[in-house]
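Novice: One structure, pasted below without further comment.
The values are calculated or read from the model by the stated rules, or taken from the named source; none is laboratory data. On a predicted model such as this, the values are computed, not experimentally measured, just so you know. Glycine also receives a Cβ, built like all others from the backbone with ideal geometry; neighbour counts cover every protein chain displayed. Side chains included, ligands, DNA and RNA excluded: accessible areas come from the protein's heavy atoms. Shrake-Rupley method; radii C 1.70, N 1.55, O 1.52, S 1.80 Å.
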Amino acid sequence: MDFPFTRIKGGVGAPKGFLTSAVACGIKNPAVERLDLALIYSERPCTSAGTFTTNRVKAAPVKVSQAHLRKDDLRAIVVNSGNANACTGVQGIHDANAMCDAVAKPLGLKRNEIGVCSTGVIGLPMPMMRIEPKFEELVSQLSTRNGPEVAAAIITSDTRPKEVSIAFDLGGHRVRIGGCVKGAGMISPSMATMLCFITTDANIPSDSLRKSVLECVENSFNRITIDGDMSTNDTVLVLANGASEMPAIRRGSALCKQFRAALQWVMLELAKAVVRDGERVTKFVTVDVKGARTYLDAKKVAEAVCKSALVKSSWNGGDPNWGRILHAVGYSRARIREELVDIHIGGKAACLGGLQTTTPMEELRAVVAEPEFNIVISLNQGDADYTMYSSDLSPEYIDFNRSEYAYWKQARKDGLV
């Protein structure tokens with residue numbers, strides 16, 4: 001960011017006026033004691049905004065949360081891991097509503113003020129017989145100290161919780177933004193399995209918050225891919241409660257631009273954390289496309305390269321195969337001229353004018369052997385740029401995703417299938 005800020009602890013519980021909690025229900029496996037149900041709650045009214053998967057197969061909680069946001073501002077979010085509540089029909093909607101009602105009543109809120117999210121296995125009914133008895137404990141344990149527990153409760157195939165929180169001065173007032181995210185597989189958001197929750201004590205009206213969230217999501221979560229798959233559950237929800245006591249941030253003002261820059265930084269940090277924690281990945285790769293005729297052309301090229309199974313396999317093998325990159329540029333449907341394309345890997349020229357360079361292959365291999373590196377693709381046809389963040393594709397990713405039989409076996413024991 002172009003103004004000073006401090007990283008603080010607390011995640012979504014760091015901003016003033018927010019309480020959080022998390023409990024264990026045994027949603028995926030009753031024999032395993034792990035946090036899998038969480039609650040984020042604002043003690044005062046909020047403005048809110050969200051973005052959701054554009055997958056035409058949408059999970060029940062996505063449908064419910066979208067409907068609630070159209071009617072009201074959210075003041076709380078209830079979320080579970082272990083079961084996506086996706087492709088579950090009318091019963092799935094009933095269960096998502098039941099989760100909203102279970103926290104709305106003791107908190108004195110309306111159902112429409114609750115956002116509900118789920119993540120986990122698709123196609124299995126929710127084991128509500130293990131979830132419903134835990135809501136009383138979930139509400140009673142609300143505290144300012146449980147932000148990290150929320151980050152831990154929402155993970156599925158993630159190897160670690162992912163959260164960020166910062167404090168900065170805005171118009172003479174100390175403002176905080178806190179966020180957490182889950183996601184490691186099925187990552188190619190287009191709002192947009194990825195969930196992100198962000199809280200802030202900034203005082204920002206709904207219209208300004210919605211515009212800021214849409215812009216920041218486009219420049220963060222819509223810029224990442226791991227395996228090219230888009231979830232049925234992708235959701236970003238942002239709550240702002242004004243507890244910093246600052247004056248309202250006017251749309252288009254300098255303060256609004258500063259807030260948006262801070263929100264953008266938090267979202268991008270969380271988005272990058274998702275890629276770094278991708279399912280069995282070994283590389284974090286930044287792809288910069290420069291010199292395109294249009295923004296859309298630059299985006300097409302970046303997405304084609306970052307989603308190419310051949311390119312990603314090369315990265316996993318430490319192979320600086322610029323030919324695979326160039327072939328992806330060619331089928332991206334962007335307007336390009338082969339003889340103008342330059343490709344640099346880690347600052348070293350691998351391809352100039354569509355042809356091989358004299359850079360020793362050993363030097364390029366040394367770059368791609370690193371866990372993080374960047375690739376710059378210069379189209380040399382205009383001034384439009386686009387950046388994406390991607391990973392490699394490993395044999396271990398395939399092994400990890402070959403079967404979810406164990407989850408169906410447990411569901412059969414529960415009498416759900």
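Novice: Go through (1) over 17 Å from the mean Cα position of the chain (by Cα); (2) under 29 Å from G92 (Cα atoms); (3) crowded, with 20+ Cβ neighbours inside 10 Å; (4) of a type in the set (K, R) and name the single condition R176 misses.
Specialist: Tallying (1) over 17 Å from the mean Cα position of the chain (by Cα); (2) under 29 Å from G92 (Cα atoms); (3) crowded, with 20+ Cβ neighbours inside 10 Å; (4) of a type in the set (K, R), R176 fails exactly one: (2).
Novice: Checking S48 against (1) within 19 Å of the chain's Cα centre (by Cα); (2) within 16 Å of A84 (Cα to Cα); (3) modelled with pLDDT of 95 or more: exactly one of these is not met. Which one?
Specialist: Among (1) within 19 Å of the chain's Cα centre (by Cα); (2) within 16 Å of A84 (Cα to Cα); (3) modelled with pLDDT of 95 or more, the lone unmet condition for S48 is (2).
Novice: From the set of residues in region 272-297 that are of a type in the set (D, E) and within 27 Å of V181 (Cα to Cα), which is surrounded by the fewest Cβ atoms within 10 Å (Cβ to Cβ)?
Specialist: The qualifying residue surrounded by the fewest Cβ atoms within 10 Å (Cβ to Cβ) is D288.
Novice: What is the number of the single condition among (1) assigned to a loop (DSSP other than H, G, I, E, B); (2) crowded, with 16+ Cβ neighbours inside 10 Å that T358 does not meet?
Specialist: (2)
Novice: Name every residue in region 270-303 that is within 22 Å of I198 (Cα to Cα) and not in a helix (DSSP H, G or I), in order of residue number.
Specialist: D277, G278
Table: residues versus (1) hydroxyl-bearing (S, T, Y); (2) open to solvent by 40 Å² or more (accessible area, probe 1.4 Å); (3) modelled with pLDDT of 95 or more; (4) touching a helix residue (DSSP H, G or I) at 6+ places or on another chain (Cβ under 9 Å).
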{"site": "G353", "(1), (2), (3), (4)": "no, no, yes, yes"}
{"site": "E362", "(1), (2), (3), (4)": "no, yes, yes, no"}
{"site": "V376", "(1), (2), (3), (4)": "no, no, yes, no"}
{"site": "Q381", "(1), (2), (3), (4)": "no, yes, yes, yes"}
{"site": "E396", "(1), (2), (3), (4)": "no, yes, no, no"}
{"site": "N401", "(1), (2), (3), (4)": "no, yes, no, no"}
{"site": "A411", "(1), (2), (3), (4)": "no, no, no, no"}
{"site": "V417", "(1), (2), (3), (4)": "no, yes, no, yes"}
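Novice: Among the residues of region 79-90, is any open to solvent by less than 30 Å² (accessible area, probe 1.4 Å) and under 29 Å from N203 (Cα atoms)?
Specialist: Yes, because at least one residue in region 79-90 is open to solvent by less than 30 Å² (accessible area, probe 1.4 Å) and under 29 Å from N203 (Cα atoms).
Novice: Taking R250, is it of a type outside the set (V, I, T), modelled with pLDDT under 95 and over 30 Å from G120 (Cα atoms)?
Specialist: Yes: the conditions hold for R250.
Novice: Another one. Every residue in region 171-194 that is of a type outside the set (K, R) and modelled with pLDDT of 95 or more, please.
Specialist: Listed by number, the residues that qualify are H173, V175, I177, G178, G179, C180, V181.
Novice: Select from region 29-43 the residues that are modelled with pLDDT under 90 and of a type in the set (A, V, I, L, M, F, W, C) and write down the one among them that is surrounded by the fewest Cβ atoms within 10 Å (Cβ to Cβ).
Specialist: Residue satisfying both the conditions and the ranking: A31.
Novice: Mind checking which residues of region 91-115 are in contact with a His (Cβ under 7 Å, 6 or more places away or on another chain) and open to solvent by 10 Å² or more (accessible area, probe 1.4 Å)?
Specialist: N112
Novice: Just for region 84-141: of the residues that are touching a Cys at 6+ places or on another chain (Cβ under 6 Å), assigned to a helix (DSSP H, G or I) and not aliphatic (A, V, I, L, M), which one is farthest from R70 (Cα to Cα)?
Specialist: Applying the filter and picking the extreme gives R130.
Novice: Pairs only if they're at least six apart or on different chains, beta carbon under 8 angstrom, first in region 389-417 and outside any helix (DSSP H, G or I), second at pLDDT below 80; list them, first residue then second.
Specialist: Correct list of pairs: L393/D227; N401/G185; V417/W408; V417/A411.
Novice: What's the number of the only condition in (1) charged (D, E, K, R); (2) closer than 20 Å to S394 by Cα; (3) under 26 Å from the mean Cα position of the chain (by Cα); (4) open to solvent by 10 Å² or more (accessible area, probe 1.4 Å) that K312 fails to meet?
Specialist: Result: K312 passes all but (4).
Novice: Something else now. Within region 50-68, how many residues turn out to be outside any loop (DSSP other than H, G, I, E, B) and open to solvent by less than 40 Å² (accessible area, probe 1.4 Å)?
Specialist: Matching residues across region 50-68 total 10.
Novice: Could you check region 234-269 and list, in sequence order, the residues that are buried (at least 18 other Cβ atoms within 10 Å of the Cβ), part of a loop (DSSP other than H, G, I, E, B) and out of contact with any helix residue (DSSP H, G or I) (no Cβ under 6 Å at 6 or more places or on another chain)?
Specialist: Result: D234, N241, G242, A243, S244, M246.
Yes/no matrix, rows are residues, columns are (1) within 20 Å of H173 (Cα to Cα); (2) open to solvent by 20 Å² or more (accessible area, probe 1.4 Å):
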| site | (1), (2) |
| --- | --- |
| G13 | yes, no |
| F18 | yes, no |
| I27 | no, no |
| P45 | yes, yes |
| S48 | no, no |
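Novice: So in region 142-155, with the set limited to residues that are outside any helix (DSSP H, G or I) and not small (G, A, S), which one is most open to solvent (accessible area, probe 1.4 Å)?
Specialist: This residue is R145.
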